[in-house]
Amino acid sequence: MLNLILFGAPGSGKGTQAPILVEKYGLIHISTGDLFRYEMQNNTPLGLEAKSYMSQGALVPDSVTIGMLRNKVLAHPEAKGFIFDGFPRTVPQAEALDALLTELKTSIKVLLAMEVADELLIERVLGRGQTSGRADDQNVETIKKRLATYRSETVPVADYYAQYGKTQVVDGVGSVEEISARLFEAIAAVK
Ligand code: AMP
C-alpha cells in the first residue's frame, strides 16, 4: 500500500493537490475537514459537535476525530493506499494513525509538508471563502486562529514523522503543475 499524508496550513493547497495524487497513484482520499462538513450539512450529532469547534478555528477533539477516521479507513479494505488530508493534526492523532496502519500491516510512506508564507495563506483562504461558502474561510480572525492552532498543535506532527525520516518539505508556491511535480519527486525520494 502507498499511504501519504498531505500536510500544510489552511490554504497551503492540500485540497487542490489531493485529487491529482489520487488520480496518479489510485489512492482513497480521506479529508477529515470534508467529513466534518458533510456531517454538519446533514445536521448529525457529530456534525453539530464539530461545528462548535470549527466555527472557532479550534480542533475537534481527538477522540471524535480518531474514531471517525478509523471507521472511514476500515470501510475500504480494498484500498491500494490512502491519502490523508487534514489528518493527523495532533501527535496523538499521528500515534493513533500509526497504530491503525500497523493493525492493517502497513504504514505511512511519507508526510508531504507544503510550505507557504502566512500572508499568502490568509490571502488564499479569504479568496476561497468568496466561493466556498465556508464560514471559517470568511473571517480574518478565525483564519488567524486556525494558523495559530496549526503552529502550536499540528507542526509537531511533521517533527514526529521527521524522526523516522518520513517528512519531505515541498515549496507550496507556484503553479498547480509545478507543485504536483514537486510532490511526485518527494514521494519518489523516499524508499
Ligand atoms: P480543513 O478543511 O482541513 O481546513 O478543516 C476544517 C476544520 O475542521 C478545522 O479547522 C478543524 O476545526 C476541523 N478539523 C479537520 N480535520 C481535523 C482533525 N484532523 N482534527 C481536529 N479537527 C479537524
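Read-outs throughout are calculated quantities, based only on the coordinates presented, and are distinct from any laboratory measurement. A quick note: this is a predicted structure, and the numbers were derived from the prediction, not measured. Don't worry about glycine lacking a Cβ; one is built from the backbone with ideal geometry, like all the others, and counts go over all protein chains shown.
For trypsin sites (Lys or Arg not before Pro), the sites in the range 30-113 that DSSP calls loop and that have at most 12 other Cβ atoms within 10 Å are K80, K105.
I'd like the chymotrypsin sites (Phe, Trp or Tyr not before Pro) in the range 121-191 restricted to DSSP loop residues with at most 13 other Cβ atoms within 10 Å, sorted by number. Here the chymotrypsin sites (Phe, Trp or Tyr not before Pro) that fit, given the DSSP loop and packing criteria, are Y164.
Classification of the range 114-189 by its C-alpha gyration tensor yields an oblate form. The axis ratio a/c (a ≥ b ≥ c) is 1.5 or more, and b/c is at least a/b.
Springs join every pair of Cα atoms under 10 Å in this Gaussian network model of the chain, and among T167, T154, T102 the largest mean-square fluctuation is at T102. Apply the a/c threshold of 1.5 to the C-alpha gyration tensor of the range 37-191 and tell me whether it is rounded, prolate or oblate. Oblate.
Each other residue within a Cβ distance under 12 Å of A94 adds +1 if Lys or Arg and -1 if Asp or Glu, for a net charge of -3. Subtracting the Cα-Cα distance of D34 and E115 from their residue separation scaled by 0.36 nm leaves 27.0 nm. So which lysines pass the test for K145, namely a Cα distance under 16 Å, with those fewer than 8 places away in the same chain ruled out? Hits, sequence-local ones excluded: K51. Computed over the chain with a Gaussian network model linking Cα atoms closer than 10 Å, the most mobile of A75, A94, A148 is A75.
With contacts taken as Cα pairs under 8 Å at a separation of at least 6 residues, the chain carries a relative contact order of 32 percent.
Report the net charge of residues surrounding N43, where surrounding means a beta-carbon distance below 13 angstrom and charges are Lys +1, Arg +1, Asp -1, Glu -1.
Details: positive: R37, K51; negative: E39, E49.
Once positives and negatives cancel, what remains is 0.
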